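Derivation of every value follows stated rules applied to the coordinates shown; laboratory data play no part. Keep in mind it's a predicted model, so treat the numbers as computed, not measured. Don't worry about glycine lacking a Cβ; one is built from the backbone with ideal geometry, like all the others, and counts go over all protein chains shown.
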Amino acid sequence: MQTASPTRIAETHPYRRTSATEGAGVLSDDKTEIIDTVISVDGVQVTAIKQGLSLRNRSVAASVAGRRTIERQGITAVKELSRLVPNFYIPDYGSRMTSSIYVRGLGARIDQPVMGLNVDNVPYLSKDDYDFDLTDIERIEVLRGPQSTLYGRNTMGGVINVYTLSPLAYQGTRLGAEYASGNTLRLRASTCLRPSEHTGISVAARYLRSDGLFTNDFTGETCDTEQSGGVRIRLQFRPDDRWSVDNTFSIGLLDQGGYPYASVATGRIAYNDPAGYRRTSLNDGLTVRYTAERWEIASITSYQFSDDRMTLDQDFLPESYFTLTQAKQDHAVTEDLVLQSRGTGRYQWLVGAFGFYRHRTMQAPVLFKRTGIERLILDNSNTDDDLVYSMDADELLLSSEFRNPVYGAALYHESRLRAGRWLFTAGLRADFEHTRLRYRSRADMAYAVSINGAAPLPAEIHIDESNRIAHSYVEILPSLSAAWNLNARNNLYLSIARGYKAGGFNTQMFSDILQEKIKWQMVSGLAYDEPDLMSYEPEYSWNYEIGGHFASAEGTLRGDFALFWIDCRNQQLTVFPEGQTTGRMMTNAGRTWSRGAELSLQIHPHRSLEFDLAYGFTDARFRRYDTTVEAADGTPQRISYKGNYLPYVPQHTLAGTATWSRPTGVEWLGDVVLQIGVKATGPIRWNEENTRKQPFYALADATLRFEHDRCAVSLWGRNLAGTRYEVFYFKSIGNEFVQYGRPRTFGISLDINIRNDKKR
């Protein structure tokens, strides 16, 4: 935070747009203007620490959603930004644990994220914590393309920056309530206070409950119920123009059903064992900044804790095959130290040092039930008529326990040189990471074997094995860009950057390996030689991009475009091993490429009318990916997927919104706002063979909103045509399953904004 002369606009009521000025992004409801990453209010200026003052002056493809857009669009979670951002797709499936992001052909369903997430400049290390309810959000930035130089690991697809309301910039109380289909109720309340000129404090609370939208036909009840809540406390202290201290503490609780997976064979959701997800999360981030005349330094320190538990009927069938209970505990600390130049000179620089430590413990027991024992273990073992295996027990526990400490450190630098109309930027990051996995696998099984029809003889199998795996990585991540400013509103840029996504361990394959050990010992009596499936390698990419930002002098037209080519090595893919396996694993494709284009337009032909369009095209394919599958006769067969589309990646994304607003003429009613939108996605291939896909589909939305000086009421509908579409596909023990997207839904929301500003 630093003092600056604020950019003021004409006095107007909180929700009304005024004419755009140079560099303006979206408007907030506090009678001020947001200029991309700058908020100016009454002499207080809050900026992003690393990106500079305006994203439109940088060589980056970025989308910025301000408070007005977030409220009108009803965006309550990061995944709903798919409605606004080109080539950015977060499917809504499973539970809030499954926050899979796909951007420009990059992404994976499990483990490492392809995009980083920062909330008030504090990084979130675990993808499992990305999906949470948004409250009191000032703006959200989605930067596409590698941001590895400044942000490091797991940002090869970009970065999502979320900024909450500053209590030094805004004072007042905000209340909100929403009721929607599925007996869904959302409540929120917050207050921002400024007890002194130098101190601001805000407290925000949220609550959600829902009966769900998908019915499990086996139980006759909805399976995607949810109840969650949370509190965030933010304290800002600015003793003078040089020092600022910002601390945000948040805690969240979640208890969710989820996993409405339907069998492809029957089209029905029908499983007999419970499934759900619980999470307790705690985050605290402290940012301290000191600003001198020619430089400034910032320290960003955080502690993150997450305790979650996923329970699955993992076969998703009415029969009793097996269940999974996965419980994780995550502790993480981070420190980012950023030193950068200030001023308007030709040369600007930034240097930084980053370090983190994360320790995860996980228990993932798989409980085989009677049907699973008979069909997956005994049937696969009884292949010889002379040897017949039997087992009386109705349950078999396969226990797996893991400890996964990870730590890393990085040094990074970025230089910017302005030469006339040109802006040259070069960056370099040296990144070190060390990861270890210590595991213990256990299984005890009593069974009987009959030889040549003789009486069964008792036998036992006892497995108790532990081991450790460790990997270290040193990465050099350069970036280079050049931007040419045609004038103050229009520019073109060219950028080249290297991206990096960390490697990891296939913990979800351990139950399959235990299963194979049991069958192998039953049949041969010998120890089982574990396959090399435990680890997967890091993913690397080179991103080549040409783009630009443009705007008309009158502010009626504003837009961005980008053309990109991504050369990716060792791309991480989530695959389902052949046969009646119960798990999934991450593997590395040899080489892939992704090419595409993006276009964003904001058109304001009239004060009362505006159009927003975001279109993305991605052509992502395998350049080299060979694998071995089992042929019908049981022999191994080598398959090449060269030229096939990457699975789970949408080829087209399209979001369009038309907004018409004007005063009603009734003072207590304020303005009427009619918003009509469409979101289209697809086609999406669901497997490497490209034999199954979700065709291109479109969803129609509409909102009728009344905006007054102090409150707003919205009536809205989503998926108005009732389109039936798939958002997820997978296999389990050879069976195919899908999750369908949300059906037609309706809702009403109320927002109350009680300002209490004091001019200082």
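If the Kirkwood radius is taken over C-alpha pairs of the stretch 62-179, then at 4 °C and 1.567 mPa s the Stokes-Einstein diffusion coefficient equals 88 µm²/s. Helical runs (DSSP H, four residues minimum) scored at -39500 (n - 2.57) apiece and divided by the length of the chain put the mean residue ellipticity at 222 nm at -1000 deg cm²/dmol. Computed extension length for Ile461-Leu494: 5.7 nm, one decimal, from 0.36 nm per residue of separation with the Cα-Cα distance subtracted.
Here, the stretch 604-760 has an Rg and a Dmax of 23.6, 81 Å when only alpha carbons are counted.
Quick one: plug the Kirkwood hydrodynamic radius of the stretch 188-346 (C-alpha pairs) into Stokes-Einstein at 10 °C, 1.306 mPa s, and report D in µm²/s. Spell out each step's value before the answer.
On the way: Rh = 19.5 Å.
The Stokes-Einstein estimate is 81 µm²/s.
Round to the nearest 0.05 the FRET efficiency obtained for Arg744 and Glu319 when R0 = 51 Å and r is the Cβ-Cβ distance. For R0 = 51 Å, the calculated efficiency reads 0.95. The C-alpha radius of gyration of the stretch 679-760, expressed as a fraction of 2.2 N^0.38 Å, stands at 1.74.
Sorting the Cα pairs of the stretch 692-736 by distance into bins of 5 Å, from 0 upward, gives 5, 15, 16, 13, 12, 11, 10, 7, 6, 3, 2, 1 percent per bin. If you take the alpha carbon atoms of the stretch 399-479 and fit the smallest convex hull around them, that volume is 147 Å³ per residue. Across all Cα pairs in the chain, the calculated P(r) in 20 Å bins from zero up to the longest distance comes to 16, 49, 28, 6, 1 percent per bin.
If you count Lys pairs in the stretch 2-755 whose Cα atoms are under 17 Å apart, skipping same-chain pairs closer than 8 places in sequence, the total is 6. Under 20 Å from the 7 Å Cα→Cβ point of Asp567, by amide nitrogen: which residues of the stretch 138-168? In the stretch 138-168, the label zone of Asp567 (backbone N under 20 Å from the point 7 Å along Cα→Cβ) covers 145-149, 156-158. For the stretch 292-347, the set of trypsin sites (Lys or Arg not before Pro) satisfying both a DSSP loop assignment and a count of at most 16 other C-beta atoms within 10 Å is given as Arg294, Arg342, Arg346. The Cα center of the stretch 167-206 and the Cα center of the stretch 554-570 differ in position by 35 Å. Here the label points at Ser472 and Ser450, each 7 Å from Cα along the C-beta direction, are separated by 5.8 nm in the simple model.
A straight line joining the Cα centroids of the stretch 71-101 and the stretch 652-695 runs 13 Å.
Mean separation of Cα pairs under 8 Å and 6+ residues apart, divided by the residue count of the stretch 2-755: what relative contact order is that in percent? Write down the numbers at each step before the final one.
On the way: 2175 pairs, mean separation 78.1, N = 754.
Reported relative contact order: 10 percent.
Residue separation of Glu335 and Arg710 scaled by 0.36 nm, minus their Cα-Cα distance, works out to 131.0 nm of gained length.
Quick one: plug the Kirkwood hydrodynamic radius of the stretch 148-267 (C-alpha pairs) into Stokes-Einstein at 25 °C, 0.890 mPa s, and report D in µm²/s.
Values: Rh = 18.0 Å.
In µm²/s, the coefficient is 137.
Suppose R0 equals 60 Å; then what is the FRET efficiency for Arg375 and Val231 from their Cβ-Cβ distance, rounded to the nearest 0.05? Computed FRET efficiency for Arg375 and Val231 comes out at 0.80.
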